[in-house]
Amino acid sequence: MLMQKHFYKISLMGMLMVHSFMVSLAISSSNVTDISALLAFKSEIVGSNWTETENFCNWVGVTCSHRRQRVTGLHLGGMGLQGTISPYVGNLSFLVRLDLSNNSFHGHLIPEIGHLRRLEVLILEGNLLEGAIPASIHHCQKLKVISLSKNGFVGVIPKELSFLSSLRHLFLGRNNLTGTIPPSLVNNSKLEWIGLEQNYLQGSIPNEIGNLQNLQQLSLSQNGLTGLIPPSIFNISSLRGVSLSFNSLSGTLPSSLGLWLPNLEELDLGVLKSLGHLEHLVELDLAGNQLTSQSGSLELSFLTALTGCKSLEKLSISNNPLNGLLPESVGNLSSSLQMFVASSCQIKGPIPKGIGSLKILNRLELSNNHLNGTIPSTVKGMKSLQRLHIGGNRLEENIPNEICLLTNLGEMELQNNNLSGSIPSCIGNLIHLQIMDLSSNSLSSSIPSSLWSLENILFMNLSCNSLHRSLNANMGAFNLKMLESIDLSWNRISGNIPTIFGVFESISSLNLSRNSFGGPIPKSLGELITLDFMDLSHNNLSGAIPKSLEALSHLQYLNLSVNNLSGEIPSRGPFENFTATSFLENGALCGQANFQVPPCRSHGPWNSKSASLLKYILPTLASAAILVALIRMMMKNRRCNERTCEHLVPEVDQIISYEGLCQATDDFSEANIIGVGGFGSVFKGILNDKFTVAIKVLNLQLEGALAHFNAEFVALRNVRHRNLVKLICSCSETSLVL
C-alpha cells in the first residue's frame, strides 16, 4: 500500500531523529509511528510551534499515554493554524481526542479518519473544510462527539452515522448540506444534542425522532424542512431546547405540550395552544414562521396562556401572520419579562392599557402592524423601557406627555402613524435618547426648544409632518454635538438656517429640503467636516453658495436645487464631483460648463503676455480722465498749481462721502462696472442725481496695487490728448476710504 511505503521511509527518518533527542529511552516501532505521523501532520500546516529537539509528548497541544508514550490527544483549537489535514493523522491509532477547531484548515476531511478506532471526540468546527463528510467515519465506533459545524461541507448527511452507537453529540450546523434527515440517524437512543441548523436540508422531520428519549437540544432552524412537526418530539421529557424556526413546517401542536416538557428552557418553533405549564421557560422565540391565530378567535389567546410562564424573560413572535388582537392579559405576563417583540404580525386593535404593568420591560417592539387608537398613558409604568418601537401602525391623536417619564429610553420610533398635535415640550427629559423617529405623521406647531438639549441624540428624523415657524427662536440650550443624522424635510419651517448648525461635530447627514427656509446658506456649514449628505433643495434660499463648503471633503451628495441662489458655484473640493442636478432651478448661478450654467464675468487680471502696456491700463486711464474732468468742473476752473495735496484731499472728502459713493453706484453694483483693471474695477456713478462720475476701487490685497495706482496718475499727467484733461497732481491718503 502507498501508506506502507511512505511509512517505511518516514519511520527510518523518524528513528534517526528520535535517537538524537531521546538517548536514554528505549523506543519501540509504535512510538516511531506516532512521531512520524505528527511530523507529517506538521509538514502540511503553517504556524506549528513544534520543535524536533524535544520529546514530542511535550509538544504544545499533544498529550500521550503515561505507560506507552503513545499520542492520545491533539488539542490545537484556536491556534491560528492553516493548511490541510495530513492523511498520516490516520496512523495515530491511540488517538482519543482530535480538536483542530477555529483554525483555517482547508481541503477535504480525510477518509483515513476512519482508521482512528479509539477516537471518542472529533472537533473540527470553525474551519474552511469542504467536500463531503466521509462515510468511513462510521468505523470510529467509540465516537461520542462529532462537531463539524461552521465549515463548507456539502452533500448529504451520511446514513452511516447511524452505526455510531456511542454517539452523544452531533453538530453539523452552518454548512451547505443538502438532502433529507436520515431516518436511521434518529434511531440512536443515546443522542443528547443534534445541531443541523443553517443548511439546505429538505423533506420532513422523521417521525422516529420521538425515540430519542435522552435528547436535550434539537436545532433544525433555517433549513427548507416541510410537513408536520412530529408530535412525538413533545414526548421527549428531557428536552431543554427546541429550535425549528425559519422552515416551512405546519400543522397543529398538542395542547398538553407544557405537561410533557417540564424541563424546557428555550422554544423556537411556532405558536402553541397551551404553554402555561412551562414554569421554567426563560426564552420563547416563535419568530419567522407562518403561524396564525386560533381559528374563530379575535384575541391572541396563546399570550394569555403564557401568563403561567413565571420565569419568562424574552418573548418574540415577530414575522408571523397572527392577525389578531393583543389581549388585555398581556399585562399579566411574567414580572421578569424584559423583551416583548411582536413586529410584522398583522396585529390589530389598540395597545392594551395593561401593558404598563410590565415594570422591568426594557424592549417593546410592535412596529409594522395594524394597531389603532392612542398611545395609552399607562406606558409611564414601564420605567425600565429602553427601546420603544411602535412605528408603522395607525395610531392617532397626541403623543402623551407621560412618555417623557420613560427617562431610560434610548430609542423611540413612532414613525408612519397618524399622530397629531405638537411634540411634547417635556421631550428634553429623555436625556438618554439616542434615536428618535417621528417622521410621516401629522405633527404640527413648532419644534420644542427642549429637543435641542438632548446631548446624546445620534439620529433625529422629524420629516413629513406639518412643523412650522423658524428654528432660531426655538433653539434654546443647543447641545446636539453627538448628532450624526438630522432630517427635517417635508415640513413648513421658515426663517434662516441657524448658523449654530455648524457645531455638529459628528454629523454625516443633513436634510432640510422642502421647507420654507430663506436667507443665505450659512458659511458655518463648511465646518461640518464629517458631512457626506446635504439636501437643502426646494426652499427660498438666496445669496451665494459659500466657498467654505469646498472644505467638506467627505461630501458625496449635495442638492441645492429649486432655490433663489445666485453668484458663482464653487468648483473645488467635493464640487469637482457634482453635476448640474445639484443646482437646478435657481436664480442667477454661474460657473463652470459642467454645471450647465452661464460662465461668470471675469474679474481677474489680464494674463496675456502679448498684451501691450496701453491695453493693460487703458480702462483705468479713461476712468481717471473722467475723474479729473469732474474735479475740474467742481473746482470751477480753480487751478491747483500753487496747492499742495493736503489742501486738495480734505476738500474732496468734504464734498463726497463714502455713503455718497455707495448711493451713487447702487452699492457698487456689478451692473455699474464700466472697466476692469489688473488691480481694481471702475464703477459708473451719479452724484446728487446730476453728475456722472467714475470711481475706481482698488484691491489693496494685491501686491503693488497702490504703487501701480500712483504710476497711472504719473502717466496721465504726462499724456497730451484733446479728449483728456491734463492732470495737475495726484494724492494718496491712507486714512481715506478711496
- [ ] Find how many whole Å separate the alpha carbon centroid of region 381-423 from the alpha carbon centroid of region 165-183.
- [x] 46 Å
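I'd like the FRET efficiency for V154 and S204, computed as 1/(1 + (r/R0)^6) with the beta carbon distance as r and R0 of 30 Å, rounded to 0.05. Numbers along the way, then the final one.
Values: r = 22 Å, r/R0 = 0.72.
FRET efficiency, V154 to S204: 0.90.
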Open item on the list: Restricting to Cα atoms and excluding each atom paired with itself, what does the Kirkwood estimate give for region 463-600 in Å?
Closed with: 15.0 Å
TODO: Using only the C-alpha atoms of region 546-588, find the volume of their convex hull and express it per residue in Å³.
DONE: 63 Å³
- [ ] Set the Förster distance to 56 Å, then compute FRET efficiency between T51 and T180 from the Cβ-Cβ distance, nearest 0.05.
- [x] 0.70
Task: Virtual paramagnetic centre 7 Å along Cα→Cβ of R394, amide N under 11 Å, in region 311-348 - done: 348
- [ ] Would you calculate the separation in nanometres between label points at H468 and T579, each defined as 7 Å from the Cα along the Cα-to-beta-carbon direction?
- [x] 3.7 nm
Task: Distant-in-sequence amide H partners of T72 (H built 1.01 Å from N, under 5 Å) - done: T63, C64, S65
Task: Three semi-axes of the equivalent ellipsoid, region 101-152, Cα gyration tensor, whole Å, largest first - done: 19, 12, 8
- [ ] Would you kindly state how much longer the chain becomes between N479 and H432 on full extension, computed as 0.36 nm times their sequence separation minus their alpha carbon distance, in nm to one decimal?
- [x] 15.6 nm
TODO: Starting from the eigenvalues of the Cα gyration tensor, five times each then square-rooted, give me the equivalent ellipsoid semi-axes of region 282-413, largest first, whole Å.
DONE: 21, 17, 13
TODO: May I ask you to compute the full-extension gain from R601 to E328, defined as 0.36 nm times their residue separation minus their alpha-carbon distance, rounded to one decimal in nm?
DONE: 91.0 nm
Open item on the list: Please report the net charge: other residues with Cβ closer than 13 Å to the Cβ of S553, K and R +1, D and E -1.
Closed with: -3
Open item on the list: Whole angstrom only: what separates the Cα centroid of region 299-368 from the Cα centroid of region 113-143?
Closed with: 45 Å
Open item on the list: At R0 = 51 Å, how high is the FRET efficiency between Q592 and S494 if r is their beta carbon distance? Nearest 0.05 is fine.
Closed with: 0.95
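Coordinate-derived values only; no laboratory data. What you see is a predicted model; the values in this text were computed from it and never measured. Cβ coordinates were reconstructed from backbone atoms using ideal geometry, including for glycine residues, and neighbour counts include every protein chain displayed.
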